[in-house]
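Each remark here refers to the structure printed beneath this line.
Bear in mind that the values in this text are calculations on the coordinates, not laboratory data. Because the structure is a prediction, the values reported are computed rather than measured. Cβ placement follows ideal geometry from the backbone for every residue including glycine, while neighbour counts extend to all protein chains displayed.
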Amino acid sequence: MHETLFDPLTMGALEARNRIFMAPLTRGRSTQPGSVPNNMMATYYRQRAGAGLIISEATGISVEGLGWPAAPGIWSDEHVAGWKPVTQAVHEDGGLIVLQLWHMGRLVHPDFLGGEAPVSASATHAPGHAHTFEGRKDYQPARALSKDEIARVVGDYRKAAENAKAAGFDGVQLHGANGYLVDQFLRDGTNLRTDEYGGSHENRTRFLREVLEALISVWGADRVGVRLSPNGETQGCDDSDPAATFGAAAKVVEELGLAFLELREPGPDGSFGATEVPKQSPLIRQLYSGPLILNSDYSPEGAVADIDADRCDAVSWGRDFISNPDLPDRFRLGAELAPNVNVPLSWYLPGPDGYIDYPALGDPAKQVAAG
């Protein structure tokens, strides 16, 4: 069933064997202290190697940019060593995996920064609560990055890309979505700058461009992608004219010739980030000629319809891949999907429960090996 989903797809130098991609999913299983990937994570990703492309969980490029308990990093040699068994496991099972590079900006609580304020495009204050090792705490006001600091952060992205290559990944994806640092520069609700990084759409996309150019300097454009969330508010980050803003961002992606662009686009009835703001993918499809990946609450039938209609080239699934490590096999056979258990609690709990213990297809009593 769903034959379209099993067509191969070329994305620059990346050759995906199907169009069922695994979306980036924060799971909070790295070893602490240090945010170091471990063998349990290698098992988790190996189990899901049947995806056409695995986009890794969001991974911190620096201490400054990582504010999620037990999320992994990629700024040190120890991180490189921890990620190597993960990429090796995926490759041994014929999979393809890129590392998603993450700076959370104003969404890093001072608890992660030795009490210092988080950084952002401008001095703003995110609504809501941060997850910390001591429980949920109110976000704190961020300070604006200076131009010298912006150059330093771009350098942090470049170093993270170098480390991702050393760890054996097939490429990298820039996390430019969901209200994190790149998104904070893109949107006029969080970017209040009056210098060359603020104001016009061209200026607000400048940071995006500079970071992507840094990643390309390491990998080449044919192994670099980006994720954007162009419609609706996310974590207090919003824009008054998303068509103009994300149209400008799509033009940057086109000019740089990236391997792929992924869009998180919730609709009005989605369970996560539901919004009445129209999806921007039809406009972006006109501006970016490369492979376009769509994400948010897709059924396999909906994915086939959008691919066949040339609205996108592939679809990424998140929550369904948590409880169905063999998701492509289930789609191929039209098999019932396993439900998530203890959602959302099990998403972020330490240990193997709700992580690497989901049943294999065809044998409900069999637990997927945690070897």
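The table for this structure:
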{"item": "Lysines whose Cα lies under 28 Å from that of K251, excluding same-chain neighbours fewer than 8 positions away", "result": "K147, K159, K165, K279"}
{"item": "Charge tally in the Cβ shell below 11 Å around P350, where Lys, Arg are +1 and Asp, Glu are -1, P350 excluded", "result": "+1"}
{"item": "Max mean-square fluctuation residue, GNM over the chain, Cα-Cα springs under 10 Å, options A126, A58, A49", "result": "A126"}
{"item": "Other-chain or far-sequence residues with amide H under 5 Å of T132's (modelled H)", "result": "K137"}
{"item": "Distance in nm between pseudo-label sites at H125 and D308 (7 Å out along the Cβ direction from Cα)", "result": "5.2 nm"}
{"item": "Sparse-neighbourhood loop sites, chymotrypsin sites (Phe, Trp or Tyr not before Pro) in segment 186-292 - DSSP loop, at most 13 other Cβ within 10 angstrom", "result": "F272"}
{"item": "Given (i) 122; (ii) 145; (iii) 175, the label whose value is volume of the Cα convex hull per residue in Å³ derived from this model", "result": "(i)"}
